[in-house]
Amino acid sequence: MHSICHRICVCSVVVASFLPGMAVAQAWSSLTSAQQQALAPLSKEWDTLEKKQQQRLVAITKHYPRLSPIQKQRLYSRLESWSKLTPEQRNRARKKFQEIDKIPSEKKEQAKRAVRQQEAGGLIAPTADQAGGGVTPYTD
């Protein structure tokens, strides 16, 4: 009987390790106050995020104390914008990022220079994030 119970436990652990959705996510209350401060825009939906997403976000908070006030505001603003997106909009933004990420660096730089030239010429007005050197999330 002990052998059967042991085998069932071992099998359960092995199966659980292959099911990422079954992994236990980190509760908002278990975050440090510094992590909660950095991730405040996501507080309401934190417990609904997948463990992998939570881990990525917690990793970002490691750099938070060293950010300048402007960088902290930019991070907060982006997280707030992201938190307002629907799951469908988030998926589109992820796909768009993956597409852009495949473009060679040289072509990306050319596009950035073209936009800066247009802004300098007054053809288009920079957004707040562009003026600060950031990239706004794609929201379509």
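Here are the numbers for this structure:
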{"quantity": "Whole-Hz ³J(HN,Hα) from phi, Karplus 6.51 cos²θ - 1.76 cosθ + 1.60, for segment 108-121, glycine and proline x", "calculated": "4, 4, 4, 5, 4, 4, 4, 5, 4, 5, 5, 5, 5, x"}
{"quantity": "Percent RCO, i.e. relative contact order, over segment 32-84, from Cα pairs under 8 Å lying at least 6 residues apart", "calculated": "56 percent"}
{"quantity": "Label-point separation, V115 to A59 (7 Å along Cα→Cβ), nm", "calculated": "2.4 nm"}
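Since every read-out is calculated from the coordinates, none of them should be taken as a lab result. Here the structure is a predicted model, which is why all the values come from computation and not from measurement. Note that each Cβ is placed from the backbone with ideal geometry, even for glycine, and that neighbours are counted across all protein chains shown.
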